[in-house]
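Data block below; observations after.
The values are calculated or read from the model by the stated rules, or taken from the named source; none is laboratory data. Values in this document were obtained by computation on a predicted structure and should not be read as measured data. Here the Cβ positions follow ideal geometry from the backbone for every residue, glycine too, while neighbour counts run over all protein chains shown.
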Amino acid sequence: MKPLIQVGHSYLALSQGEQQLRDALYEEAAESYKRALEVSRSIPKEEAFDYDGFDALCHTGLSGAYVKLGRYEEALCSSEIGLRYFDRRGELHKEEGKQWIAAVLNRAQALEGTGRWEEALKAYQIASEMIAERKGELPAKEELQQLIEERVSKLQPLTADKKPAGYKAWWEFWS
C-alpha cells in the first residue's frame, strides 16, 4: 500500500471514531480508534507524518470511548499517552487545545472510576482552568463546566477528611 493511502486510511478511521463517539456508539468508536492506530503503524518511518500527534489524537478519543464503556484502567492508560504529547507540545488556544482538554477530562473521569479521588479532583480542577483559559470556540463549554462542577462537588467530601498514613494529631504525641 502506498504511504499516502495509508495516511488516508488512518485519518478515515480516526474520523469514523470521532463520529461514532458523538453518536454514542462507544464500542465501535474504540474499534475505529484502534484501527487508526494500527494502520498508522504501517506508514513508513521516513514519511513526513506526525506519529506522536496522531497517536495523541487517537488515544484521546479512545480514552473517551473507554470511559463511556466503564473501562477505566484502559481509559487512564490511553489518556496518559495522549497527555504525554499534549503536555509537551499542546497549544491550548489552537484547534488541538480541544483535544488536550478532552484528554485531561478523560483522565479525570478514569481516575474517578478507579477510585483515585484525590487525583481525579486535581485533574478536574486542571480541566476547569483549561476551559476557562481557552480563547475561541469550544463546543458545549457550559455543559463541560457544569459536569466538572458536579464531579468536583461529589469528590470534595470524599477527600476532605483523608489524613496521610501514620498521621497523628499533635496531642497524640504527648499521650
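Descriptive notes on the structure:
- Residues of the stretch 95-125 classified as in a helix (DSSP H, G or I) and under 20 Å from TYR66 (Cβ atoms), total: 21
- Restricting attention to the stretch 127-147 and to residues that are surrounded by 15 or more Cβ atoms within 10 Å (Cβ to Cβ) and either of a type in the set (Gly, Ala, Ser) or at pLDDT 95 or above (or both), the residue that is nearest to ILE101 (Cα to Cα) turns out to be ALA127.
- Verdict on LEU111 being under 16 Å from ALA29 (Cβ atoms) and either buried (at least 19 other Cβ atoms within 10 Å of the Cβ) or at pLDDT 95 or above (or both): no
- Pairs meeting the criteria (first residue in the stretch 1-26 and at pLDDT 95 or above, second residue acidic (Asp, Glu) and assigned to a helix (DSSP H, G or I), beta carbons under 6 Å, at least 6 apart or on different chains) are GLN20/GLU28.
- For the stretch 27-80, filtering for residues that are surrounded by 21 or more Cβ atoms within 10 Å (Cβ to Cβ), within 25 Å of ALA120 (Cα to Cα) and either touching a residue at least 60 places away in the same chain (Cβ under 8 Å) or aliphatic (A, V, I, L, M) (or both) leaves 9.
- Matching entry among SER10, SER63 (being farther than 21 Å from GLU133 by Cβ, under 15 Å from the mean Cα position of the chain (by Cα) and part of a helix (DSSP H, G or I)): SER63
- Entry remark, the stretch 82-94: residues being over 8 Å from the mean Cα position of the chain (by Cα), part of a helix (DSSP H, G or I) and surrounded by 20 or more Cβ atoms within 10 Å (Cβ to Cβ) number 2 in total.
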